[in-house]
Amino acid sequence: QVQLVESGGGLVQAGGSLRLSCAASGRTFSINVMGWFRQAPGKERELVAVISSAGTTNYADSVKGRFTISKDNAKNTVYLQMNSLQPEDTAVYYCHVRTIVNYWGQGTQVTVSS
């Protein structure tokens, strides 16, 4: 099994930055893909960014150029650097990892005020 612990959420003003972290433990050798999803109030969960075991990345169009996903293999940790935050980025952000099954972090709240 894999366990995920998220941190880094908070309240920022428009134009500010936050850095989210997600540390994985357990059977981490089986992880194929790590990524971030978010869910805004009244909306479905959507993919924000993913990074493969080889380091290739993909982003939602809405965050491309503003967010950067990265990982530290030695620490089994994935990060999401969020710059130029806007009120529409307000959501609960969830860390996600894929093995033969999917695992989810507990979620961390990001709130952007105007």
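The values are calculated or read from the model by the stated rules, or taken from the named source; none is laboratory data. What you see is a predicted model, and the numbers here were worked out from it, not measured in a lab. Neighbour counts are summed over all protein chains in view; Cβ atoms, including those assigned to glycine, are modelled from backbone coordinates with ideal geometry. Each accessible area value is taken on the protein alone, full model and side chains, heavy atoms only, with ligands, DNA and RNA left out. Shrake-Rupley method; radii C 1.70, N 1.55, O 1.52, S 1.80 Å.
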*How much accessible surface does VAL101 have with a 1.4 Å probe, in Å² rounded to 10?*
70
_Sulfur and carbon atoms: percent of accessible area, the chain [1.4 Å]_ = 48
*Under a 1.4 Å probe, what is the accessible area of the chain per residue, stated in Å²?*
54
_Solvent-accessible ranking of GLU88, GLU44, GLU6, largest area first, probe 1.4 Å_ = GLU44, GLU88, GLU6
*Taking the Cα centre of the chain as origin, work out the dipole magnitude from +1 charges on Lys and Arg Cβ and -1 charges on Asp and Glu Cβ, in debye rounded to 20.*
240
_Heavy-atom accessible area ranking, 1.4 Å probe, most first, across ILE69, ILE100, ILE31_ = ILE100, ILE31, ILE69
